[in-house]
Structure formats: structure tokens, C-alpha cells
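Enquirer: After the C-alpha cells below, expect a handful of questions from me.
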Amino acid sequence: MNNFGLEIWSDDNFIIHNDTINVNYASKPSLLQITQEIRERGYKGPLLLRFPHLIEKQISTLFNTFEKAKQEFNYQGSFQAVFPLKVNQFPNFVESLMEVSKAYHYGLEAGSKAELIIAMSKTPLGAPITVNGFKDKEMISLCFIAAKMGHNITVTIEGLGELETIIQVNHTFNASAKKPITPKIGVRIRLHSSGIGIWAKSGGYSSKFGLTSTELLEAYEMIKKHNLLEKLWMIHFHIGSQMSDIAPLKKALREAGNIYAELKKRGADALGAINIGGGLAVEYSQHEGKTERNYSLQEFANDVVYLMQEIAKSKGVAEPDIFTESGRYIAASHSVLVAPVLELFSQEYHEKGLRLKEENPPLIEELHDLYRSLSPKHAREYLHDALDHMESLLTLFDLGYIDLEDRSNTEILVNLIIKKSILLLRSEGTDELKKLQDRIQEKYLVNFSAFQSLPDFWGLAQQFPIVPLSKLDEKPTNPASIWDITCDSDGEIGFNRDLPLYLHDIDVSKEEYFLAFFLTGAYQEVLGMKHNLFTHPTEAVITFDDKGKHHIERLIEAQNLMDVLDDLDYDTNLMDKTLKYRIEESEHISKEEKRELLGKLYLYLSENSYLKTIQAIDERE
Ligand SMILES: *Cc1c(COP(=O)(O)O)cnc(C)c1O
């Protein structure tokens with residue numbers, strides 16, 4: 001792997017230029033340059049970079065692809081889309097999203113009261129809002145308030161109880177109103193088909209959500225009885241996230257399409273839309289042969305349009321408007337997490353660590369010769385010799401014939417020989433070599449929290465593409481495992497022989513080395529947890545002006561220590577006083593020292609939890 005699988009996951013959003021990875025847009029700045037510009041302003045921890053142009057790209061691709069499919073089939077219904085807020089509710093994302101999607105009449109989907117408030121205040125009037133998930137009377141009342149504001153809002157009924165509440169709330173809001181205004185009504189159906197993959201639970205009979213056909217008929221009668229039929233306009237389903245295969249979607253479309261047609265024929269004249277939920281997959285894979293989806297967006301759009309047309313035609317009803325609620329597809333690519341490598345843990349296996357003597361035991365001399373004369377032709381043979389010598393030398397140490405320095409030289413030389421052989425024999429990729437890689441894997445300590453920034457890696461083993469920001473003109477040779485800075489051994493992305501990651505050999509006391517984690521824009525931010533009290537990293541929005549120059553905007557620093565504790569409902573005022581008191585009352589320090597300590601303390605309290613550096617060398621500079 002030389003270009004870190006860029007052609008598989010990057011969708012041309014990033015390119016490698018000389019030795020750096022660059023944004024493939026406008027003036028094509030490198031991520032390294034952007035990172036350094038932010039760090040120069042004093043932000044040293046991990047950074048979350050947002051790229052609104054990538055949100056725009058996803059939205060326009062989605063709309064254009066469906067438009068193309070509609071034209072091809074001469075489809076009569078419209079195509080509309082909303083963004084499901086649960087995928088990313090952060091203001092810097094949502095505000096960018098609304099800004100770049102203006103031309104598309106793009107709306108928001110809410111699944112909770114707080115999300116609904118975001119939708120009600122951020123969606124332009126007229127653009128669709130859909131409301132899913134379990135709802136109580138207050139939440140349904142909020143939907144009525146939204147409708148009365150002039151919002152184009154659809155409440156999806158997830159169960160019969162909710163429908164009863166809607167009828168009740170409708171009475172409260174409209175019985176004495178000058179002009180009754182009611183949200184549109186959607187019904188979520190419980191499919192007998194379900195998705196596949198780790199997120200498939202949202203569809204199928206055992207799903208948490210949706211009405212069975214019996215309930216659907218009952219709902220229809222209730223809606224009719226309460227004169228709300230003209231509001232019933234959407235059929236909704238969602239078969240799960242990150243659909244790797246298109247087959248389950250096709251089944252679900254047939255099922256939903258037929259339900260739509262049946263209800264229409266029964267008399268639901270206002271029914272006019274099918275909402276196919278989300279689920280469009282993102283290609284996270286960095287490795288050939290391990291890709292995560294088997295369809296293109298055009299195939300997806302064609303299938304949806306074609307199947308809806310087929311069903312409408314055969315049942316003699318109008319072609320429905322098509323709604324999607326894809327979130328992962330829209331948001332994943334927009335953000336990149338950049339984190340500095342703090343240290344490599346096996347630096348001791350460096351040539352400079354050797355302590356060769358005037359005279360060394362013969363086997364060590366031989367190891368040294370093997371290392372110096374290693375060539376592609378002899379690599380395998382020398383490697384075997386070296387491993388054999390190591391066994392002998394370790395035995396000699398146990399028996400007291402060689403000393404600790406000899407043993408250290410042995411370990412270093414053998415490690416160097418393994419490393420060099422693996423490199424020379426890379427093209428062979430035999431099992432023996434793969435196993436040896438485990439032995440020489442390098443641990444990269446990286447200034448971030450996997451719990452905070454990659455929770456789906458922690459919880460579901462979801463992979464995210466990882467690429468260093470520099471040195472991309474050099475072949476990376478270290479089989480790498482990545483350690484985060486939490487005190488939890490689960491905060492490790494271990495070296496995986498089937499999905500190997502190689503990084504460069506670097507000396508972080510001499511040069512900076514950053515890793516970028518891509519496709520982190522969907523779900524990771526709000527699912528991220530504050531394990532060890534590492535919080536959401538410092539974030540910035542990267543925009544481009546007409547001349548193509550990039551700008552760093554809306555910078556939000558990671559929370560400082562006291563704010564983090566305040567969030568946990570500590571009485572931080574009291575803590576502050578206690579700390580101050582303990583310094584002031586301490587018996588062993590002078591007045592001057594106290595003042596100095598207080599100054600330092602307050603500086604540290606104003607900073608965030610992430611590490612600044614652990615290399616003493618920076619301090620000296
Ligand atoms: C989560 C969810 C979505 C978004 O799914 P993605 O896989 O992110 O596209 C859409 N609709 C509903 C109802 C959801 O619950």
C-alpha cells in the first residue's frame with residue numbers, strides 16, 4: 001500500500017502531491033499547510049477540519065443523479081431530500097449544510113425534540129422537515145407549532161398511539177383556530193424485508209419502528225374517521241445504515257411501493273410520497289478487495305425510480321414523489337481529523353542505539369555483517385540466519401556468557417534485519433513475512449482519543465482511512481499500530497495483518513508527523529464519548545474564496561478543563577476557590593512562589609485536556 005488506498009475511498013476529494021496529501025479543490029492546499037496554520041495560532045491538540053465544499057458535492061451529486069434517473073425514465077414525481085440530524089448536529093456542520101444546499105430546497109429530519117428545534121430554526125420555510133422516532137404530546141405539539149409558522153413539516157407515525165396523540169393535539173390546536181393548520185402525516189411501515197450488515201436492525205419485522213399491515217389498516221380508518229385523510233401523504237421506511245448490498249433495498253421498495261398503491265386505491269387521495277429513509281453506504285475501505293458497497297449512486301437512483309414507476313403503472317396510480325434521508329452519504333466525507341504523533345514506541349531499535357564494542361561475540365559480528373550486506377537476493381536466507389543467531393545469543397545470555405550490552409545489540413540488529421528484509425521481500429507477501437510484521441510493529445502514540453473521535457471503531461470495529469500528512473513520496477515501512485492518549489487499552493487501532501497500515505519511520509523530536517483520519521463526518525462526533533474527559537477536539541471550517549484561496553473560519557477550541565468539569569455538574573466555583581486556597585495556605589512556599597504557582601494554575605485551567613507535546617526538546621527551544 002503506497003498511496004493509502006486513496007483511489008478506493010477518497011472519491012477524488014484528496015490527492016497526493018509530491019510528499020503531502022492535498023485537498024483536490026481550488027488552490028489545492030495541503031492538509032499539512034492548513035494544520036500548521038491552525039497550530040501557529042496556538043492550538044496544539046487534535047484538529048477537526050470541516051470542508052463545506054465536500055458537503056455541497058454530496059448534495060449536488062445526490063440531486064443530479066436522481067434528476068438524471070428521473071429524466072431517463074420520464075418519471076413524473078419529484079425528488080426531494082432531507083438531512084437526518086442524528087448523523088451530525090454540530091452547528092458548524094449544520095450551518096455549512098444549510099448554506100451550501102440553498103439551491104436544492106433541502107430540508108432536515110428530526111428524531112428528538114432538540115433536533116426538531118434545530119430543524120424548525122434552520123430549515124428555510126417551504127423546504128421539507130420530516131419528524132421520525134418516538135414522540136410524546138409535547139413533541140407532536142411542536143410539530144403543530146412548526147406547521148403554524150409556515151413550515152412544510154411531515155410527522156411520521158411510528159405506532160397507533162402516536163396517531164391518537166396527533167388527533168388529540170389537532171383538536172387542541174385547531175378546534176377554535178381561525179384557519180386549522182395541521183402538519184402532513186406520514187406512516188412508517190414495518191417491512192418484512194430487512195437490511196444487512198452491522199446497522200441492519202432498523203428494518204424488518206423485529207425493528208423498533210413502524211406499523212404492521214394490520215395496524216396500517218387500522219390507522220387508515222382512524223385518519224379517515226377524524227377527517228385527516230387529506231393530510232396523509234407519505235409512506236416511510238428505513239432499512240438501516242451503510243447498506244453494503246442493493247438487493248434488500250429493492251425488496252423494500254417493492255413492499256413500500258405496493259403499500260402506497262394499495263392505500264391510494266383504498267381512498268388515500270392525498271398520498272403522494274415515498275420516503276426511502278437513509279442507508280446509502282460510504283466507502284471507508286483503504287484496502288483492495290475489502291470494499292464495503294456493491295453499487296453506485298446511479299444504480300441506486302435508477303432502481304428507486306424504475307421500481308416506483310413499475311408499481312405505479314401496474315396498479316394504475318400516480319408516480320409518487322421520492323424522498324431520501326441519507327445522512328452518512330452526505331456528511332461522512334466533509335470532515336478530517338488531524339492528530340499529531342507524540343512518540344514512537346520502539347525507537348530503541350534504532351541503529352543509533354547500538355553499543356558495539358571493540359570486540360564483540362562472533363555471532364554478533366556476524367549479525368552485523370548480515371545487516372550490512374542484506375540484499376534482495378539473500379534477504380530470506382539472511383533473515384533465517386539472523387533469527388537462528390538470536391536464539392543462540394539469548395541462550396548464551398541466559399547461561400551468563402554474554403552481557404546485557406551484547407543482548408541489547410542482538411535485539412537491535414535482529415529487529416533491523418527483520419525490518420529491512422520485510423521491505424526487500426515486500427512483493428512476496430508470504431505468511432512468514434506477515435507474521436514477522438507483528439513482531440516489529442511500531443506503536444505510534446497519537447494525540448487524540450479514539451473514544452471521542454472514532455467511537456464506531458471502538459464499538460463496531462468500523463475502519464476509517466488513515467494517512468500521514470507528510471512524507472508521501474517515501475515508502476512507509478513500519479507496520480503500525482496506533483495508540484490514543486486515553487488510559488484505556490481499547491484506545492488502540494492495532495496492526496491488522498489483513499488490513500495492514502504502514503507508516504513512516506520518524507524521529508518526532510526532530511520533525512512533526514501528523515496522521516489524518518478521513519470520513520469522520522457522520523455519527524462520530526455526537527456518539528463520541530468523553531472517556532478520561534477528553535472532549536470534542538478543536539474544530540475549524542475551511543472555505544475557499546473566488547480566487548481559490550483557502551480560509552480558516554469558525555474556529556472553536558476544545559473545551560477547557562473547568563468547562564469540562566462544569567458539564568459534569570461539578571461546582572467549579574468551589575473547586576476554583578479550593579485550589580486557590582490550598583496554594584495560598586501552603587506553609588512551605590514563599591509569597592512570590594505562590595503568585596507564580598497561581599499564575600501557572602490559571603493558565604492550565606484555561607487550556608484543554610489534550611497533550612501539547614511530550615518531547616522535552618520542544619521545551620528547550
Ligand atoms: C438514521 C436514519 C437515517 C440516516 O441513515 P444513514 O445511514 O445515515 O443514511 C435516515 N432515516 C432514518 C429514519 C434514520 O433513523
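The values are calculated or read from the model by the stated rules, or taken from the named source; none is laboratory data. Fair warning: this is a prediction, and the values are worked out from it, not measured in the lab. Ideal geometry is used to build each Cβ from the backbone, glycine not excepted, and the neighbour counts take in all protein chains shown. Surface accessibility is based on the protein's heavy atoms, side chains included, excluding ligands, DNA and RNA. Shrake-Rupley method; radii C 1.70, N 1.55, O 1.52, S 1.80 Å.
Enquirer: Filter segment 488-500 down to residues that are modelled with pLDDT of 90 or more and either touching a helix residue (DSSP H, G or I) at 6+ places or on another chain (Cβ under 8 Å) or of a type in the set (Asp, Glu) (or both), then give me how many there are.
Expert: Matching residues across segment 488-500 total 5.
Enquirer: Moving on. Please find, among 120, 139, the residue that is modelled with pLDDT of 95 or more, in contact with a Leu (Cβ under 8 Å, 6 or more places away or on another chain) and either assigned to a loop (DSSP other than H, G, I, E, B) or within 21 Å of residue 215 (Cβ to Cβ) (or both). Write out each step before concluding.
Expert: On the way: 120 fails: either assigned to a loop (DSSP other than H, G, I, E, B) or within 21 Å of residue 215 (Cβ to Cβ) (or both).
Just one listed residue meets the conditions, 139.
Enquirer: Same structure again: Here are some residues: 179, 208, 201. Which one is modelled with pLDDT under 95 and not in a loop (DSSP other than H, G, I, E, B)?
Expert: Going through 179, 208, 201 in turn, just one is modelled with pLDDT under 95 and not in a loop (DSSP other than H, G, I, E, B): 201.
Enquirer: Here's another thing I want to ask about it. For segment 418-452, how many residues meet the condition of being open to solvent by 50 Å² or more (accessible area, probe 1.4 Å), modelled with pLDDT of 85 or more and aliphatic (A, V, I, L, M)?
Expert: So the count comes out to 1.
Enquirer: Considering only strands (runs of 3 or more DSSP E) fully contained in segment 11-52, which possess at least 2 residues that are among the β-branched types (Val, Ile, Thr)?
Expert: Those strands (runs of 3 or more DSSP E) span 14-17, 20-23.
Enquirer: Is one or more of the residues making up segment 319-334 open to solvent by 70 Å² or more (accessible area, probe 1.4 Å), within 16 Å of the ligand (Cβ to nearest atom) and within 23 Å of residue 109 (Cβ to Cβ)?
Expert: No.
Enquirer: Can I ask one more? Could you say which residue among 253, 229, 297 is assigned by TED's automatic domain parsing to the domain that holds residue 107 and open to solvent by less than 10 Å² (accessible area, probe 1.4 Å)?
Expert: On inspection, the qualifying residue turns out to be 253.
Enquirer: Identify all residues within segment 232-250 that are away from the ligand (no atom under 13 Å from the Cβ), open to solvent by 20 Å² or more (accessible area, probe 1.4 Å) and touching a residue at least 12 places away in the same chain (Cβ under 8 Å); write none if there are none.
Expert: 233, 245, 250 - these are the residues of segment 232-250 that are away from the ligand (no atom under 13 Å from the Cβ), open to solvent by 20 Å² or more (accessible area, probe 1.4 Å) and touching a residue at least 12 places away in the same chain (Cβ under 8 Å).
Enquirer: Residue check: is residue 302 more than 16 Å from the ligand (Cβ to nearest atom) and in contact (Cβ under 8 Å) with a residue 60 or more places away in the chain?
Expert: On the way: more than 16 Å from the ligand (Cβ to nearest atom): yes; in contact (Cβ under 8 Å) with a residue 60 or more places away in the chain: yes.
So residue 302 passes the test.
Enquirer: Return the pair list, or none, for Cβ contacts closer than 9 Å from residues in segment 589-601 that are in contact (Cβ under 8 Å) with a residue 12 or more places away in the chain to residues that are among the polar types (S, T, N, Q), at least 6 apart or on different chains.
Expert: Close Cβ pairs (under 9 Å, with a partner that is among the polar types (S, T, N, Q)) amount to 597/586.
Enquirer: Still on this model: If only one of 153, 129 is under 25 Å from residue 65 (Cβ atoms) and either away from the ligand (no atom under 13 Å from the Cβ) or assigned to a strand (DSSP E or B) (or both), which one is it?
Expert: Working: 153 fails: under 25 Å from residue 65 (Cβ atoms).
Answer to the check: 129.
Enquirer: On to the next question. Being away from the ligand (no atom under 16 Å from the Cβ), in a helix (DSSP H, G or I) and touching a Phe, Trp or Tyr at 6+ places or on another chain (Cβ under 7 Å), is that true of even one residue in segment 90-99?
Expert: Checked segment 90-99: no residue is away from the ligand (no atom under 16 Å from the Cβ), in a helix (DSSP H, G or I) and touching a Phe, Trp or Tyr at 6+ places or on another chain (Cβ under 7 Å).
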